[in-house]
Structures are given as structure tokens and as C-alpha cells.
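All remarks here apply to the structure that follows.
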């Protein structure tokens, strides 16, 4: 009997449900639910009273269950659904073919993974001319109940501070965004360069040259360039050659650099470099090799790096939906960057790897 009495006295009280909490407060289930979600539609004093009572009773909100039940009530089929925004700030008009393919793969990955997780993804464009303004976009997203924004890479430094971020979760699919400072997902450019350099070393190249767009290099905080120089510093037999950074890529500047440094393989995002090499007397791959730092940029088969944009889109949407289900909106206190490794893709623009290696 004594043991039974002790057990009764020390059995913890069960965590109350949302409806039980509402009954105790004498308020509607909807009011309590909105207050705990931080909705501005609930008066501040009422919200404070609800939060205080919830804390005292040990109530813990489950964002996943809340979102699931809400969507199930709105859906005739009884399945969990939501809508995400895939946002293209630059728009497709005038976008070069390579970046266009990269953006398309990112978008496909985001849409497909969203569908697998029960979300539909709609693409919104803010391109000049007939595109939306940020203010109009904000109105549309909020009126449609869209709470998640997957932002495609932007040429210039993006500024989305005019959106009402108290309502939105966001993921940027490139390296850095500061206005606002969102979580990001992008290729691991530094590791990708190290892997490419190591593969070229195995192929017997000793004088690798690097050609980059200066704005592109700066936008990624010089990670391609840093890894290039680091690899040459720490690997014997690799000559240290100055990279060529061009604000406006052109054949004349390239030819002067190419003839000066005498590299035996060129790495670049720009497949047009192959034509410039041939015009300068090179034969690819007989005398010189070419490595494309993003194989989607080349319309013809090319050796280089596959940055896996479709997988990046999928991973970005996974992270975005996670934020939404946790009710995390706006800029986080500490933005994080999730990076995915690239893969080497063999192609006819470099030597064949020796048998038994690689």
C-alpha cells in the first residue's frame, strides 16, 4: 500500500493538449493556437496570458503536427499539402545558356523534392519589364498563404529586405546573402577545386592554369582561386601559375596570359576558352587539356566538374520545409551554409587517366 501511495503522489502530470489548455483559459481553440504561433491577430495581453499558462502547465507545441492537422482540414483528400515559392530575381531573359541550364536543374530538383514531401512549388520571376515588384510579390505570397521561399542564384548582390520576412522562411541556393542573412545551400567550391586539381595531377598535368570571371570569383569570396593556389603550394611537381581574372572575358587578354604562363591545362567555367586555346595554337586534348568548372556550361561533352544542381535544389527544399515546420521565419541569428561536394566527369578535353589509377 505504501508503494502504491508513493507512486500516485509522484506520477508526473500528463502534458495538456491544446484543447485542454484552451478550456482551462476559457478561450477558443483557435485563439490559443494562433497566440502560440505568434500571430499578430491576437492581442498582446491575451497572448502573454496564454503563453504564461502554457509554460506553467508544461504545454509544448508540435509545429509538425500543427501544420499537418491544419493542412488536412483544408484538403478534401486528407493529405498534407503546402505551396512553396521558387524565386528567380534575375529572370530567364538574357541569361546565358550555361547558367540557364543550371537554374533549370536547381528548379527541377526543388519542385520534385517538394512534391515528394507534399508541397507544390510555384516559380516567381522579378525580371525587368513585365516582372513582379518585391512589394507585389509580398502581397501575392501572403494572400496565397505561401510561407517558404527558395531563392535561385542572383548575378548581383541580392536585397530582399522589402519582403515581410516575419511571414516567410527562406533558403538561398548560392554562397552568400546578407539582405537578409538567410540560410544557404551551395556547391562546395573549395573542395571541388581541390578534387579537380588532384584529378589533373593524376592525369600528368603539371602546369594547370585558371581562368575566372572576376565578378563571379568575388561573389564566391574567391574560393575557387584560394583552393587553386593552396593546392599548388602543397603539392610538389605542380607549377604555381598566376590565375587570369577578367571582368570582361575576351580572347585577346586570354591569349596574352596563355602564351605567358605556358600552362598545359586550363580550368574555366567558360567553354569558349577552348576556341581561344585552339586559336593560340593549342590542340585539345593532344597538347593541352581543358577542364570545365561547371560541365552544364558546355553544350558539347567536356571533362570537368558536375556541381549537382538538381540535388542542390532538393536539399535546399528539404531545409526550407524543415524551417517552415519549426515555424522559423525571417533571418536567423546565425545563418548557416550547407555545401554539397561536386563530382569529376570524364570527357574528351583531357588525357585519359593511366590504367590502374583514379
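The values are calculated or read from the model by the stated rules, or taken from the named source; none is laboratory data. Here the structure is a predicted model, which is why all the values come from computation and not from measurement. Cβ coordinates were reconstructed from backbone atoms using ideal geometry, including for glycine residues, and neighbour counts include every protein chain displayed.
Being farther than 15 Å from residue 319 by Cβ, out of contact with any helix residue (DSSP H, G or I) (no Cβ under 9 Å at 6 or more places or on another chain) and in contact (Cβ under 8 Å) with a residue 40 or more places away in the chain is the requirement here; does residue 139 meet it?
Values: farther than 15 Å from residue 319 by Cβ: yes; out of contact with any helix residue (DSSP H, G or I) (no Cβ under 9 Å at 6 or more places or on another chain): yes; in contact (Cβ under 8 Å) with a residue 40 or more places away in the chain: no.
No; evaluated as a whole, the condition is false for this residue.
Take residue 253 and decide whether it is under 28 Å from residue 155 (Cβ atoms), under 29 Å from the mean Cα position of the chain (by Cα) and surrounded by fewer than 19 Cβ atoms within 10 Å (Cβ to Cβ).
Details: under 28 Å from residue 155 (Cβ atoms): yes; under 29 Å from the mean Cα position of the chain (by Cα): no; surrounded by fewer than 19 Cβ atoms within 10 Å (Cβ to Cβ): yes.
Answer is no for this residue.
Here is a check on your reading of the model: is residue 181 surrounded by fewer than 21 Cβ atoms within 10 Å (Cβ to Cβ) and in contact (Cβ under 8 Å) with a residue 40 or more places away in the chain? Outline the logic, then answer.
Working: surrounded by fewer than 21 Cβ atoms within 10 Å (Cβ to Cβ): yes; in contact (Cβ under 8 Å) with a residue 40 or more places away in the chain: yes.
Yes.
In this structure, does residue 259 turn out to be out of contact with any strand residue (DSSP E or B) (no Cβ under 9 Å at 6 or more places or on another chain), exposed (fewer than 14 other Cβ atoms within 10 Å of the Cβ), within 26 Å of residue 238 (Cβ to Cβ) and not assigned by TED's automatic domain parsing to the domain that holds residue 165?
Working: out of contact with any strand residue (DSSP E or B) (no Cβ under 9 Å at 6 or more places or on another chain): yes; exposed (fewer than 14 other Cβ atoms within 10 Å of the Cβ): yes; within 26 Å of residue 238 (Cβ to Cβ): yes; not assigned by TED's automatic domain parsing to the domain that holds residue 165: yes.
Yes, satisfied.
So which residues in region 286-307 are surrounded by 18 or more Cβ atoms within 10 Å (Cβ to Cβ) and part of a loop (DSSP other than H, G, I, E, B)?
Residues of region 286-307 that are surrounded by 18 or more Cβ atoms within 10 Å (Cβ to Cβ), as a first pass: 288-298, 302-305, 307.
288, 293, 294, 298, 302, 303, 307 - these are the residues of region 286-307 that are surrounded by 18 or more Cβ atoms within 10 Å (Cβ to Cβ) and part of a loop (DSSP other than H, G, I, E, B).
Residue check, residue 207 against (1) in contact with a helix residue (DSSP H, G or I) (Cβ under 9 Å, 6 or more places away or on another chain); (2) under 22 Å from residue 154 (Cβ atoms); (3) surrounded by fewer than 23 Cβ atoms within 10 Å (Cβ to Cβ), all met but one. Which one?
(2)
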